[in-house]
1. Is the range 33-103 best put as rounded, prolate or oblate by its Cα gyration tensor, with a ≥ b ≥ c the root eigenvalues, rounded for a/c under 1.5, and otherwise prolate when a/b is larger than b/c, oblate when not?
2. Of 45, 67, which has the most accessible area with a 1.4 Å probe, and how do the rest follow in descending order?
3. State in Å² the accessible area per residue of the range 2-119; use a 1.4 Å probe, count heavy atoms of protein chains only, and round to the nearest integer.
4. Taking amide H atoms as placed 1.01 Å from N in the peptide plane, list the residues 5 or more away in sequence, or in a different chain, whose amide H sits under 5 Å from that of residue 91.
5. Remind me, relative contact order of the chain in percent, using alpha carbon pairs under 8 angstrom and six or more residues apart?
6. Could you derive backbone 3J(HN,Hα) for the range 107-119 from the dihedral phi with the Karplus parameters 6.51, -1.76 and 1.60 (θ = phi - 60°), listing whole Hz in sequence and x where the residue is Gly or Pro?
7. By how many nm would the segment from residue 105 to residue 11 grow when fully extended, if each residue of separation counts as 0.36 nm and the alpha-carbon distance is taken off?
8. Hey, rough spin-label estimate for residue 118 and residue 43, points 7 angstrom out along Cα→Cβ, what's it come to in nanometres?
Amino acid sequence: QVQLVESGGGFVQAGDSLKLSCAPSSRTFSMYATAWFRQAPGKERVILAQIRSTGTTTYFLDSVKGRFTISKDNANNTVCLQMNSLKPEDTAVYYCAAKITPVGSYNYWGQGTQVTVSS
């Protein structure tokens, strides 16, 4: 079942920017953290960044640090991923996920949004 909804993916050229958004498909409560993941063709899903419900960023993957930023809009119950200076290796399906405890699994997921970066 789809629990979160991602939007903003698309086809861009290297060096371009995209902003992804994530929002609940229905009302959700008491989330400890929200994260962005991606899965490239033929590769395993990896976590990119995590933000706590307080708005504190707690993790960034080294390969995207400095190019991507994660933010949270409490009023709109939305988490965004701003992606700048995109590279062909950023091509992947991007997923939003959330969890309710610090050590638990990410048990709320979106359907994913495709990001394709041409060289």
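The values are calculated or read from the model by the stated rules, or taken from the named source; none is laboratory data. Owing to the predicted nature of the structure, the values given are computational and were not obtained by experimental measurement. Every residue, glycine among them, receives a Cβ derived from its backbone with ideal geometry; neighbour counts consider all protein chains shown. Side chains are part of the model used for accessible areas, which takes the heavy atoms of the whole protein and leaves out ligands, DNA and RNA. Shrake-Rupley method; radii C 1.70, N 1.55, O 1.52, S 1.80 Å.
1. Prolate is the answer for the range 33-103, as a/c is 1.5 or above and a/b outweighs b/c.
2. Numbers: 45 105, 67 35 Å².
Listed by decreasing accessible area, they come as 45, 67.
3. 52 Å²
4. Sorted by chain and number, the residues that satisfy this are 117.
5. 36 percent
6. Coupling constants for the range 107-119: 10, 10, 9, x, 7, x, 9, 7, 10, 10, 10, 8, 9 Hz.
7. Values: separation 94, 0.36 × 94 = 33.84 nm, distance 3.07 nm.
My answer for the length gained is 30.8 nm.
8. 2.1 nm
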